[in-house]
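Here is the structure we will look at.
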Amino acid sequence: MTGIHYLDARGPDGIRIYAIGDIHGHLDLLRDMHERIAGEIARDKPADWRIVHLGDLVDRGPDSAGVIGFLMAAVERDPRNIVLAGNHDVGFLDFLTEPDPAGLFACHGGRDTARSYGVDLHVDYASSLARGHRELAAAVPDGHQRFLRALPRSASFGDFFFCHAGIRPGVALDRQDPEDLIWIRNEFLRHPGLHPKVVVHGHTPQAEPEVLANRVNVDTGVFHSGVLTGLVIDGSEKRLMSVRMARLSGRLR
């Protein structure tokens, strides 16, 4: 199987692509990133553009509800804003359907998401879990749930394939397991060969963005680093961009 090397990869002619890594409830940084992108678009006047959000909108950060609302409005205002599903977004929906005290949402940042909807979630006892689940299910607007349920798991532009976690090597892009697209790690991260397209992903936090021959990881662990990272693709030109919190405060998760 032939593949594309990052250095040779090109975006689609006439379309500038912005791909933003895991947001995890950091509405302030998402707004800052969109403001910076809007400034670049106004300045450079590309013929067309897309903003691809690589999933994990929720959990671990202070305003997951605000992030969802912001992106809903952005998509409604201009469908060139594209939002993909991450495993935390799916885990949130799973919890709303059937609360699991040992599940992703309950154990990895879901309390922060619940708090953004005004619910203090405790999962230590069955009674408190049931009560918190009822309160959260009532607090999350139906529109937020519909938005999350409708999120696609991948997008493709030019020589680049975008998803939350990665792909299973050796499997055609149009035959990837949807669960792999939001969950895969080792088989994908350790694969040395080229893929049919360069994969742009998040899911696995790194201190710095990873730019490799076969993939680009823009998850810089915003929930502990305070840095939200994106990749900009404009024809053959590629560059990284980031926005940072002015000051980290509170307990790091």
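The values are calculated or read from the model by the stated rules, or taken from the named source; none is laboratory data. All values reported here derive from a predicted model rather than from experimental measurement. Because the Cβ atoms are built from the backbone with ideal geometry, glycine has one as well, and the counts that use them run over all protein chains shown. These accessible areas exclude ligands, DNA and RNA; they are computed on the full protein's heavy atoms, side chains included. Shrake-Rupley method; radii C 1.70, N 1.55, O 1.52, S 1.80 Å.
What is the percent carbon and sulfur in the accessible area of the chain, measuring with a 1.4 Å probe over the protein chains and ignoring ligands?
Values: 5790 of 11520 Å².
Summing carbon and sulfur atoms, their accessible area is 50 percent of the total for the chain.
Rounded to the nearest 0.05, what FRET efficiency is calculated for Tyr125 and Met245 with R0 set to 45 Å and r the Cβ-Cβ distance?
Values: r = 35 Å, r/R0 = 0.78.
After rounding to 0.05, the efficiency reads 0.80.
Build a GNM of the chain with springs between Cα atoms under 10 Å: which of Ile37, Ile17, Ile68 gets the top mean-square fluctuation?
For the chain, modelled as a Gaussian network with Cα springs under 10 Å, the answer is Ile37.
As an exercise, use a Förster radius of 35 Å and the Cβ-Cβ distance of Asp100 and Ala47 to find the FRET efficiency, rounded to the nearest 0.05.
Values: r = 47 Å, r/R0 = 1.34.
Calculated transfer efficiency: 0.15.
What per residue convex hull volume, in Å³, do the alpha-carbon atoms of the range 19-101 yield?
Details: hull volume 7.2 nm³, N = 83.
Hull volume over Cα atoms, normalised by residue count, gives 87 Å³.
From the Cα gyration tensor of the range 101-190, with a ≥ b ≥ c the square roots of its eigenvalues, which class applies: rounded if a/c is under 1.5, or else prolate if a/b is larger than b/c, or else oblate?
Working: a/c = 3.42, a/b = 2.04, b/c = 1.68.
Prolate, because a/c is 1.5 or more and a/b exceeds b/c.
D for the range 32-157, whole µm²/s, Stokes-Einstein with Kirkwood Rh over alpha-carbon pairs at 25 °C and 0.890 mPa s: what number?
Working: Rh = 15.6 Å.
D = 157 µm²/s.
Please determine, in degrees from 0 to 90 and to the nearest 10, the orientation of helix 64-77 with respect to the longest principal axis defined by the Cα atoms of the chain, where the helix direction is its Cα long axis.
Result, in degrees: 50.
Keeping all protein chains in place, calculate the accessible area per residue for the chain (probe 1.4 angstrom), answer in Å².
Values: 11520 Å² over 253 residues.
Accessible surface, normalised per residue, equals 46 Å².
Give the shape of the range 164-253 as rounded, prolate or oblate, defined through the alpha-carbon gyration tensor: a ≥ b ≥ c are the square roots of its eigenvalues, a/c under 1.5 means rounded, and otherwise the shape is prolate if a/b is larger than b/c and oblate if not. Please list the in-between numbers first.
On the way: a/c = 2.62, a/b = 1.57, b/c = 1.67.
Note, shape of the range 164-253 comes out oblate.
Starting from the Cα gyration tensor of the range 1-67, take the square roots of the eigenvalues, sort them a ≥ b ≥ c, and report rounded, prolate or oblate (rounded when a/c is under 1.5, otherwise prolate if a/b is larger than b/c, else oblate). Could you put the intermediate results ahead of the total?
On the way: a/c = 3.46, a/b = 1.43, b/c = 2.43.
Since a/c reaches 1.5 but b/c is at least a/b, the shape of the range 1-67 is classed as oblate.
Please work out, to two decimal places, the log10 of the ratio I(q)/I(0) at q = 0.15 Å⁻¹ from a Debye calculation in which every Cα of the chain carries one identical scatterer.
Treating every Cα as an identical point scatterer, log10 I(q)/I(0) equals -1.04.
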